[in-house]
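First comes the structure, then the notes that go with it.
The values are calculated or read from the model by the stated rules, or taken from the named source; none is laboratory data. Remember, it's a predicted structure, so these values are computed and weren't measured experimentally. Using ideal geometry, Cβ is built from the backbone for each residue, glycine included, and neighbour counts are taken over all protein chains shown.
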Amino acid sequence: MRMVDIINKKKRGTSLSPDEISYVIKSYTNGTIPDYQMSSLLMAIYFAGMDDDETAKLTDSIANSGEKLDLTRVGGMKIDKHSSGGVGDKLSLIIVPLCAGVGIPVAKISGRSLGHTGGTIDKLESIKGFKTELSEEEFLDNLAKYKMAITSQTGNLAPADKKIYALRDVTGTVDSIPLIASSIMSKKIASGCDGIVLDVKVGTGAFMKTLDGALALAKTMVGVGKRLGKTTVALVTDMSQPLGNEVGNANEVKEAIEVLKGSGPEDVMTIAISIASYMAVISGLFEKPDEAYGYLTEFIKSGAALEKFAELIRVQGGDTRIICDTSLLPKATNHIEIKATRTGFVNSIDAEDIGLAAMLLGAGRKTVKDSIDYAAGITVNRKVGDGVEKGDNLCILHTNLERWDQAQKLAFRAYTIGDEKPDAVKYIHKVVV
């Protein structure tokens with residue numbers, strides 16, 4: 001089998017065989033195939049695409065390129081939740097204890113922030129002492145005993161994905177649906193879960209900017225999951241503005257606690273419970289999402305989900321006092337108000353600009369090697385549809401830096417204020433099953 005023949009075949013738009021795909025992934029992972037040939041194939045895939053069978057085989061080959069977690073010793077249907085990334089996305093902090101609290105084992109392997117999008121691991125590390133790097137034994141023990149475990153991504157799972165993504169990043173082949181789907185789903189398959197609920201975000205703060213694109217990605221990933229024997233559901237959720245009112249790390253933990261107390265922002269509450277509802281259905285706990293939604297809402301109101309979050313913090317070494325006293329979380333020294341320059345209604349908030357502003361304040365990373373400030377972030381005081389008077393506070397920037405002019409410009413630019421009140425934002429655009 002020759003790589004050049006495989007490249008030419010895909011260049012002509014012909015489907016690759018399972019053996020050809022398996023050969024490519026194995027050979028590239030072990031270094032037999034050079035970067036220049038893999039780059040050529042990635043570009044051919046970018047233009048010619050892949051059918052569902054090809055994408056599923058690509059996903060499976062990447063998932064099997066390294067170690068795979070064996071969760072069989074943990075009873076019950078193990079469910080994983082994945083977000084395609086956004087601004088103010090603290091949903092995992094809510095969903096993991098919520099589902100675990102009602103008996104659904106949630107095995108969560110999470111990432112860190114990069115660019116304008118946040119990362120669950122950074123948010124949890126803003127809690128003093130919280131351990132985010134668990135050994136496989138610790139991860140499995142916590143999952144078996146407490147029905148939940150969260151750890152940072154490991155290079156031993158799907159190593160081919162890390163190598164391929166680095167190449168996609170410098171060859172202009174990131175935005176290919178088969179390549180995106182195989183990258184995301186391979187890590188989910190390798191993590192050993194039985195079912196997957198995907199949160200595919202769409203809008204200015206998301207990777208997928210259009211609803212058509214987000215739906216195409218959602219359908220592809222659900223199809224891949226089913227072909228590989230994993231019950232998979234995708235919710236296409238809104239990221240046309242930041243999710244909730246807090247963007248950053250410590251301040252997002254604070255907001256997650258408010259949601260678990262039953263008093264957080266409506267958009268966060270609605271999307272979190274909706275995702276958890278489908279996780280409950282996949283697990284077999286409920287037959288219908290509506291039934292699960294009502295039960296989980298009451299579970300939050302009872303305070304039991306908050307108690308489960310406290311347990312997660314305790315088990316992974318964190319300071320549980322933050323549950324009752326969020327002032328113990330890191331705090332910034334400088335707070336800069338962004339004010340409205342006219343009266344009207346907030347017509348839009350560019351979530352990407354808000355995310356980039358938060359990054360510049362210290363809440364995120366330009367490169368994977370950058371350090372972050374857990375106290376930095378942005379409080380969004382006015383959301384789309386809100387009426388404002390000239391001089392009203394739109395948002396507040398939080399930072400320990402001495403200069404914030406660039407972030408200030410981005411945050412100001414993010415807001416568009418008009419004379420007419422816009423239509424209400426739809427939190428969940430579509431569910432793909």
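Which count do you get for residues in segment 72-83 that are part of a loop (DSSP other than H, G, I, E, B) and either crowded, with 24+ Cβ neighbours inside 10 Å or touching an Asp or Glu at 6+ places or on another chain (Cβ under 7 Å) (or both)? The number of residues fulfilling the criteria is 2.
Filtered by the rule that a residue be assigned to a helix (DSSP H, G or I), under 13 Å from residue 258 (Cα atoms) and of a type in the set (Gly, Ala, Ser), segment 288-309 gives a lone residue, 305. Reported count of residues in segment 148-163, each being in a helix (DSSP H, G or I), over 20 Å from the mean Cα position of the chain (by Cα) and either buried (at least 20 other Cβ atoms within 10 Å of the Cβ) or at pLDDT below 90 (or both), is 1.
For the residues 58, 98, 41, the requirement of being assigned by TED's automatic domain parsing to the domain that holds residue 250 and part of a helix (DSSP H, G or I) singles out 98.
Candidates 196, 275: the one that is under 18 Å from residue 183 (Cβ atoms) and buried (at least 24 other Cβ atoms within 10 Å of the Cβ) is 196.
Among residues that are touching a strand residue (DSSP E or B) at 6+ places or on another chain (Cβ under 9 Å) and β-branched (Val, Ile, Thr), residue 259 is not included.
When segment 84-116 is filtered for residues that are surrounded by fewer than 24 Cβ atoms within 10 Å (Cβ to Cβ) and hydroxyl-bearing (Ser, Thr, Tyr), only 110 remains. Restricting attention to segment 245-266 and to residues that are closer than 18 Å to residue 306 by Cα and of a type in the set (Gly, Ala, Ser), the residue that is surrounded by the most Cβ atoms within 10 Å (Cβ to Cβ) turns out to be 250.
Here is a check on your reading of the model: is residue 194 over 27 Å from residue 365 (Cα atoms) and of a type in the set (Asp, Glu)? Yes: the conditions hold for residue 194.
Total residues in segment 225-273 satisfying the condition of being closer than 18 Å to residue 202 by Cα and touching a His at 6+ places or on another chain (Cβ under 8 Å): the figure is 3. Of all the strands (runs of 3 or more DSSP E) wholly in segment 193-250, which have at least 3 residues that are touching a Lys or Arg at 6+ places or on another chain (Cβ under 8 Å)? Result: 195-202, 231-238.
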